[in-house]
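Before any comments, here is the structure.
The values are calculated or read from the model by the stated rules, or taken from the named source; none is laboratory data. No experiment lies behind these values; they were computed from the predicted model shown. Cβ: placed from backbone, ideal geometry, glycine included. Neighbour counts: every protein chain shown. Just so you know, the surface numbers come from the protein's heavy atoms only, side chains and all, with ligands and any DNA or RNA stripped out. Shrake-Rupley method; radii C 1.70, N 1.55, O 1.52, S 1.80 Å.
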Amino acid sequence: MILYKHFDTNEKGHLTVGGLDTVELAQEYGTPAYILDENVIRENCRVYKQAAIDAFGADALPLYASKALCFTGVYRIAAEEGLGIDCVSGGELYTAKRAGFPAERIYFHGNNKTDRDIADAMDMGVGTFVVDNEDELAAVSAEAVRRGITQRILLRITPGIDPHTHRAIMTGNVDSKFGSAIVTGQAMRIVKKAIAADGVKLAGLHCHIGSQIFDVEPFAEAADIMIRFIAEIKKECAYEIRELNLGGGLGVRYTEYDREIDYADAIHKIAAVVTGFCRDNGIAMPRVILEPGRSLVAAAGVTLYTVGSVKEITGFKNYISVDGGMPDNPRYALYQSQYTALIANRAAAPRDYRATLAGRCCESGDLLGEDMEIQKAKRGDILAVLVTGAYNYSMASNYNRLPRPPVILVKDGKARVAVRRETYEDLVALDQF
Ligand code: LLP
C-alpha cells in the first residue's frame, strides 16, 4: 500500500492502481495519462452519503462539486450513487445534461452568472440556483418572472471564517468576491430582498469556507454562525430557512506527511453543532447539503508520465523531466501543492533519491514538485504522480499546444477510456484562419 490501499505494488515491483499494472496501462494508453480508480470515487460517494444521512437525517444530500473533475462519466457515477451536483458554468451544466444528470438535483453556483447562463440553466430546469449577490438576485428574479416560473434559490453567505487560523475573523473571507457577509449587514439585506422578490423561492443559505482543510473546527464554527443566522432570520423576518448548504473543503492526503481524515467522523462532528443548536433553540432542523469535490475524487487518480531527460547539476539539483507538466497539472506552479511521485516500474524500491520534477513546457516554473523523494530515474521509465484525481484534468490547458491526456477509468480489474486523448487535429479544429 502506498498512501491509500488502491495504490500497491505487484510481483514485478510495478505500481498498481485498483489491481492493474500501471506500466501496462502506460503501454496500452500512452503517456501522459490520467488513471482513475472508479471504485474509490464510488466508495467515497457512499461514505459521504451514509454519514450525511446518519448525522443530519434522511433528507441530507451531498453534492459532488464537479469543478474538481468534470466529464460526462463522472456525472453518471454521481447520479448512480444518488448524489446531487454543484455546477459553476454553462459548460459544466451542458456536460451534466449530456450525461443525463437529473436537473432537479443540480445546484448552480458561481459569483457572476451571465444572463445566458441564467437562461440556459432555466431551460434545463436546474433545481436550485445559489445566488451570489443582489445584482444576480434581480437578474434571476426577472428571468423567472419573464418565464412565469418560480425558481428555487439559496443565497451564498459569507460567515467570516478563516479556515487556516480557525478563528472567526471579520476581514479575510468577508473581503471576498463570493457571497454576502453577515457582519456587514449585507447578508440580512439580500435575505429580505430574496423573501420579497418575485419569481424566486428562498429555500436556504449556502456557505463555503475554503479547500484542502484538515481541521473540523472551522467547519463547525461556520455551521454555528450559519445556524445562528437562520435563527435571526426567523426572528427578524418571520421566515423559515429550510435548507443549509455547508459547502465543501475537507482535505485530502497527498503525501505521507499529511494526516488521514475520517470524513464520516468529521461530518458527525459538524452535525453535532447544528443539531445541538436547533434542539436548544427550538429551531426546526434544516435539510443539510454538503458539497465535497476534492475528497470524492482526488485519491482515485494517478497520472502516468514517461521520463525523458535526467539532469544532475553538480552542486545544485537533480532534474527529472517528463512528457507532461503544468498543462496537465498546474497545481505546483499555482499553489506549490505537494505530491507523492514514484518510478512506477521500480515502485517497490526505496525512494532514496531527490529530484525536481520538470515538465516539458518552455517555462522554468513548469514543475510538478521540487526536492521530491523518488527512485533514481532513467529515460524511458514510467513516472507516477499520485492523488491527481481532483483539479488536474479539470484545470488542464493546451499551453505550448500540448494535447490533453486521456482519462482512463479502472474498475474491477478492467480499464476503459472515459475521455480520449486529444489529437493535433483537435488542437486546430477551432482555428478559422
Ligand atoms: N463548493 C464551492 C462553492 C466551492 O467553491 C468549492 C471549491 C467546493 C464546493 C469544493 O471544494 P473541495 O471539496 O474540492 O475543497 N483549484 C484549487 C481548489 C479550488 C476550490 C474551489 N472551490 C486546487 O487545485 O486546490
When segment 188-200 is checked residue by residue, the ones that are in a helix (DSSP H, G or I) and under 15 Å from ALA138 (Cα atoms) are ARG189, ILE190, VAL191, LYS192, LYS193, ALA194, ILE195, ALA196
Residues to consider are SER337, SER364; find the one that is among the small types (Gly, Ala, Ser), more than 16 Å from the ligand (Cβ to nearest atom) and open to solvent by 10 Å² or more (accessible area, probe 1.4 Å). SER364
Criterion (within 16 Å of the ligand (Cβ to nearest atom) and surrounded by fewer than 18 Cβ atoms within 10 Å (Cβ to Cβ)) met by exactly one of ALA264, ALA300: ALA264
Against the definition (surrounded by fewer than 17 Cβ atoms within 10 Å (Cβ to Cβ) and within 16 Å of the ligand (Cβ to nearest atom)), how does ASP258 come out, yes or no? yes
Taking the criterion of being in the same structural domain as ASN281 (by TED's automatic domain parsing), surrounded by fewer than 18 Cβ atoms within 10 Å (Cβ to Cβ) and not in a helix (DSSP H, G or I), would at least one residue in segment 218-235 satisfy it? no
Could you look through segment 65-82, keep only residues that are small (Gly, Ala, Ser) and away from the ligand (no atom under 16 Å from the Cβ), and pick out the one that is farthest from ILE53 (Cα to Cα)? GLY73
Restricting attention to segment 219-255, which residues are away from the ligand (no atom under 14 Å from the Cβ) and under 21 Å from the mean Cα position of the chain (by Cα)? ALA220, ALA223, THR255
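Run down ILE149, ILE157, ILE153 and say which single residue is at pLDDT 95 or above and touching a helix residue (DSSP H, G or I) at 6+ places or on another chain (Cβ under 6 Å).
After ruling out the rest, the residue left standing is ILE157.
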Sole miss for ALA284 among (1) part of a loop (DSSP other than H, G, I, E, B); (2) closer than 28 Å to ARG401 by Cβ; (3) aliphatic (A, V, I, L, M); (4) away from the ligand (no atom under 16 Å from the Cβ) is condition (2)
Here are some residues: ASN133, ASN112. Which one is within 16 Å of the ligand (Cβ to nearest atom) and more than 24 Å from ARG294 (Cα to Cα)? ASN133
Considering residues of segment 24-40 that are assigned to a helix (DSSP H, G or I) and out of contact with any strand residue (DSSP E or B) (no Cβ under 7 Å at 6 or more places or on another chain) only, the residue nearest to LEU386 (Cα to Cα): VAL40
So which residues in segment 71-94 are open to solvent by 30 Å² or more (accessible area, probe 1.4 Å) and out of contact with any Lys or Arg (no Cβ under 9 Å at 6 or more places or on another chain)? ARG76, GLY91, TYR94
Return yes or no: is TYR94 over 18 Å from GLY247 (Cβ atoms) and of a type in the set (Ser, Thr, Tyr)? yes
Mind counting the residues in segment 309-333 that are exposed (fewer than 15 other Cβ atoms within 10 Å of the Cβ) and in contact (Cβ under 8 Å) with a residue 60 or more places away in the chain? 1
Those residues of segment 83-101 which are touching an Asp or Glu at 6+ places or on another chain (Cβ under 7 Å) and away from the ligand (no atom under 16 Å from the Cβ), in sequence order: GLY90
Considering only residues that are within 16 Å of HIS268 (Cα to Cα) and either acidic (Asp, Glu) or under 17 Å from the mean Cα position of the chain (by Cα) (or both), look in segment 203-218 and name the one that is farthest from the ligand (Cβ to nearest atom). GLU217
Just wondering, is there one or more residues in segment 16-29 that are among the aromatic types (Phe, Trp, Tyr) and either in the same structural domain as VAL387 (by TED's automatic domain parsing) or surrounded by fewer than 23 Cβ atoms within 10 Å (Cβ to Cβ) (or both)? yes
